[in-house]
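The values are calculated or read from the model by the stated rules, or taken from the named source; none is laboratory data. Just so it is clear, the structure is predicted and the values come from calculations on it, not from any experiment. Cβ placement follows ideal geometry from the backbone for every residue including glycine, while neighbour counts extend to all protein chains displayed. Please note that ligands, DNA and RNA were not included when accessible areas were found on the heavy atoms of the full protein model with its side chains. Shrake-Rupley method; radii C 1.70, N 1.55, O 1.52, S 1.80 Å.
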Amino acid sequence: MAVLAHEGIYPIMYGACPIPMGTGHRTGYLARPDAAGKFPVVFVLPSLDGLTGFEKDLCRRMARNGILALALDFYRNDGDPLDRYNLLSDARAIADLDELHGYVVSDDLEWAVSDQIGILGVDVGGRFGMIAAATRPWVRSLALAYTPLTGDEDREFQVADYLGHLPVPVLGLYGADDELIAASSVDEAQNRNQHGQWLLYPGVRHGFLDVDAPEYDSSAAEDATARLIAFLKRTLPAAEEEVLG
């Protein structure tokens, strides 16, 4: 696939990817540079809506910049998105991530340059990313896009409790006019996680990264995507490319 100059430097391979988990397979989406070698890996964790064109586009954007991106659809059933999210326990989601990590770094595959993985969590997907980053040694860095930081008192774990104990680099991207997430909660996250970078885009609402969302903001999305890619490339192990022929 051809790559436009502003998109990155790599042609890519991408598509649906059945992921072996438990006794069956789960729906995933893989995008990777079309080049020989091993690359840094990022798990993309979707929002309430599950794996959509938005997450797939994020995967392709990262792949064009030398990152292997793998998205997992957490939800195993159809129906109302909030109901599906409520049926998924935090413990089950983290166990799924452990299985996904085991799949990527297994001897059967030669994709990953390291067993240290980055995570990009979108909306509530970022909750699972934060829990994993605080509790799993294989997480190398964590990026969040408008992930709620409060309102999970009825869940098994409250992510606010982890903010002061995240041992990895963190980048949080939020809209200052988000109707679902108070800007004050993002400021508090910065206070508790002072080595992280928590950004508020003025005049921007929830979902601003998604080109198909009514809240899409092209200026903020362009800046945020560039920051995401630069952050992940800076915090993950460098690729080990092979020169063929």
In Å², and per residue, what accessible area does the chain have when probed at 1.4 Å with the other protein chains present?
45 Å²
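Quick check: at a probe of 1.4 Å, how many percent of the accessible area of the stretch 56-184 sits on carbon and sulfur atoms?
Values: 2230 of 4890 Å².
Its accessible area is 46 percent carbon and sulfur atoms.
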Whether the stretch 38-156 is rounded, prolate or oblate, judged on the alpha carbon gyration tensor where a/c under 1.5 counts as rounded
prolate
Residues with amide H under 5 Å of GLY175's amide H, sequence separation 5 or more or different chain, H placed in the peptide plane at 1.01 Å from N; which?
TYR201
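Could you work out the local net charge near SER89, counting Lys and Arg as +1, Asp and Glu as -1, over the other residues with Cβ closer than 9 Å to its Cβ?
On the way: positive: ARG92, ARG155; negative: ASP90, GLU156.
My count for the surroundings of SER89 gives 0.
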Calculating Kirkwood radius over Cα pairs in Å from this structure picks out, from (1) 18.6; (2) 21.4; (3) 18.1, entry (3)
The stretch 120-170 and the stretch 11-31 have their Cα centres apart by a whole-number Å value of 23 Å
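Beta carbons within 10 angstrom, averaged per residue: use that to sort the peptides 178-189, 48-59, highest first.
Details: 178-189: 16.3, 48-59: 19.5.
Ranked from most to least packed, the peptides come out as 48-59, 178-189.
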Inter-label distance, nm, simple model (7 Å from Cα along the C-beta direction), THR27/ASN86:
2.2 nm
Per its Cα gyration tensor (rounded if a/c is under 1.5, else prolate when a/b beats b/c, else oblate), the stretch 107-245 is best filed as oblate
